[in-house]
Every structure is written in C-alpha cells, then in structure tokens.
1. With θ set to phi - 60°, apply the Karplus curve 6.51 cos²θ - 1.76 cosθ + 1.60 along the stretch 53-66 and write out the HN-Hα couplings as whole Hz, x wherever there is a Gly or Pro.
2. Binning at 10 Å from 0, report for the stretch 2-111 what percent of all alpha-carbon pair distances ends up in each bin.
3. Kirkwood Rh over alpha-carbon pairs of the chain, then Stokes-Einstein at 37 °C and 0.692 mPa s: what D in µm² s⁻¹, rounded to an integer?
4. Would you mind checking the radius of gyration and Dmax of the stretch 342-396 based on alpha-carbon positions, in Å?
5. For a footprinting-style exposure proxy, rank F87, F51, F236 by other Cβ within 10 Å, fewest first.
6. Mind listing which trypsin sites (Lys or Arg not before Pro) in the stretch 89-127 are in a DSSP loop and have 13 or fewer other Cβ atoms within 10 Å?
7. If the viscosity is 1.567 mPa s and the temperature 4 °C, what translational diffusion coefficient in µm²/s does Stokes-Einstein give for the stretch 272-396 when Rh comes from Kirkwood over Cα pairs?
8. Would you list, by chain and number, the lysines whose Cα falls below 26 Å from the Cα of K191, excluding same-chain residues fewer than 8 positions away?
Amino acid sequence: MQQEADSQLEKSLVQRAREMVPILAERAPRAERERSIPAETIADFKQAGFFRILQPKRFGGYELDPRVFYDVQMTLAEGCMSSGWVFGVLGVHNWQMALFDLRAQQEVWGKDDSVIVSSTYMPKGQVKHVDGGYRFSGRWGFSSGVDHAKWIFLGGIVPASEGRGMPDYRTFLLPRSDFEVIDNWHVMGLKGTGSKEIVVKDVFVPEYRTHRMMDAFTNTSPGNQHNPAPLYRLPFAQVFVRAVSSASIGGLQGALNSFRDYAGKRVSSNDLGRTADDPAAQLAAAEAALAVQEMKLALFASFDSMMATLRRGEALDLQDRIAWRYQSARVSERCSACVAQLMRSCGGQGIYVDNPIHRFFLDIHAARNHYANNPDKLARNFGGVLFGLGSADFFV
C-alpha cells in the first residue's frame, strides 16, 4: 500500500512541476531583473511539496526516491533554469539536514518544517576549537537562493593543529542572525539564482551543528541512527553534484522547446526558407533531443543502481562512484555544446535578448563554470582508476 501511495505521489509531484513550467517562463524576466527568484515562486514550490521530496518523514517530508527530485528539478528548469537551479540546491539541503545531529534538525524544523536552508560549501571558514564547539568566521561566494533561507550551510576545515589528526572538512550550520548577505550578484547567466556572498564574523557554532564530510563518505553521520532509510545512506557527493548539473538538462530541453517554436515560424532573410528546413538546424535539434534523453537515462540509471544496492544493505562500489561523479560533471559541458548549436541555427536573430534561447544559452554556460561541473580533472581520475591507479578524488 505504501509503495502504491508513493508512486501516486511521485507522479503528482512531476505533474505539478510540468504545470508550473509556463508560469516560471513568464516570471523568468523578473527573476533576472531582480537577480533573485520571486518569493511567490518559492511559495509555489512549498505548496506543491517539492522541498519535501528528500526531507525526512519525521519532519513532514516524503523520503522519496532521488529520481523524483531530479525529475522535478529538470522539469522546472524547462521554464526557468534559475528557478530549477535554486530548487535543486535548496531542496538537496533537506537531504543533508537529515544527516546532522537530531538536535540540529529539531532547531531548524521543530517549529516550522518548511524552513529553507541555503549553502556555500567552499572551505573558506576560519575555525577555532573552543569548549562545546567552534568560533567561526569567513567570507563565502555563491549562496544560491539565500534570500529565502533562514539557515545556511557553510564550509570550513577544522585544522589538524587542533589535535584532531588530519584536517577535517565540515559543514557548519548557522541561523540567519549569524551571517550577513552581500548583494554582489551581477553576472551574465543564472542571474535569477541570487547566489550572493556570505560574511560571518566570529560566531559560536556548537559541535552538534557541524557535519563531517568523512561521516557522509562512510555513512556514519549522526543523523543516520534517526533517519535510517536507504535514501540517507547515499554518498553526499553523488546527491549534491547532481543538484548542480541536472538543471542544465532541463535548461537544454527548454532551449529545444523554444527553438522548435522559433524554427517553425522564422523565415531566413537570405531566401533560404524556414529555419526548420535548414539541415544544420535539424541536426542541432536532433542532437539536443538525443542528448537530453541520454543524460536523463544515465542519471536515473545511476540512482536506481545506488538505491537498489543500499536497499540490499550492501556498500556502493568505489569505481562506480567515481564513474558516476564524472558522468555528472560531463552534463553541463554536453549541454553547453548542444545549446551553442541551437543558438548558431537561430542566425542573427539569436543575439537579441528577447530571444528565449538567449537566456538558456547564458544560464547553461554559467552552470558549466561551477566547480563540480568541470569534467577534466574527474576524467583524468576515472581514467587513472581504470588503469589501476589510486583515486585522487575522495568527493565521490
């Protein structure tokens, strides 16, 4: 019965996302102008239940399969890639929140289980160990959707000099009162994400409001004993990197949808007929459509494999994790190449800012510049592992 109910809920969530696509497309210019997702969009996401997909049931969540989360994200990105990006980044935090000490989960969700957590995981924090926790300071960039968040995850490293062995990378959880938002988000793409800078000045963070990445790697996080579902035994890296690559797949589909409409109406000024009759345009559309299909299949297959393994109580294979990590990083680069072909096929009209493909083109290229979406280093690591060398990347 529960499986059937979950299946119906999954279908309903994806359908709600599909119905929201034209609304997000209409709001996209406003998101760009304001350099932030409109508050009513976040309210719509909450009302639709999107942020609850990966949230623990004990705090009002659905604990659904990750493929549902990414399916919703890609669908939303067809209308507005900035909105899809922000949903993915904010929504995935409800999954990581489940790995924290239960006291931290209760602080965040105890009074309002719809509270949103933002992040910037750069290990920029200056950390000093004190009784019961840490003194914490720093400046971080790229906190997507922070305008709508009451809490934030910030990256920092507890130094080895504190007598704790190797340097210890952690996520530090802070309330809104402990950080300042710097409005410096003036960029060429993903303008609506409002990924602003964060400043923290010497605040106290208790030990229980930190999360060790090594615990996330080894499935020994404090929250695992309270949220034992297989969903929360997924590796952090696998969940997070897909949250910053999958919006590009939806963005490419959105660009293709716009291009098909454009190509059917536009007639070349050089007497070459409709764009839809141009062989180059046909090739560009075919490549984009196939790329979207293949990347979605790969994403779903990887999480299907992970979840099946975890449900059997088995450990994930490290080489598979390395391959999946590289697979995710390739997404934005492939989407960039495909959307560039679509843009070229628009001819001179493609450079006007009111051409809907223009926004997708810039957003996808901006997403390609995220650290997690750079495939070169990960390709070399995966290739080295295939040759029997040790992995040089532990964020898998």
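Only the coordinates and a few stated rules stand behind these numbers; no lab work does. Every value quoted in this text rests on a predicted model; they were computed, and no experiment measured them. Glycine also receives a Cβ, built like all others from the backbone with ideal geometry; neighbour counts cover every protein chain displayed.
1. Result, rounded to whole Hz: 4, 9, 6, x, 5, 5, 10, x, x, 9, 6, 8, 4, x.
2. Going out from 0 Å in 10 Å bins, the stretch 2-111 shows 14, 46, 30, 10, 0 percent.
3. Numbers: Rh = 21.8 Å.
Taking Rh from Cα pairs, D becomes 151 µm²/s.
4. That works out to 17.7, 51 Å for Rg and Dmax.
5. F236, F51, F87
6. Values: sites: R103, K111, K124; in loops: K111.
Sites meeting the loop and neighbour criteria: K111.
7. Diffusion coefficient, whole number: 77 µm²/s.
8. Partners within reach: K46, K124, K150, K296.
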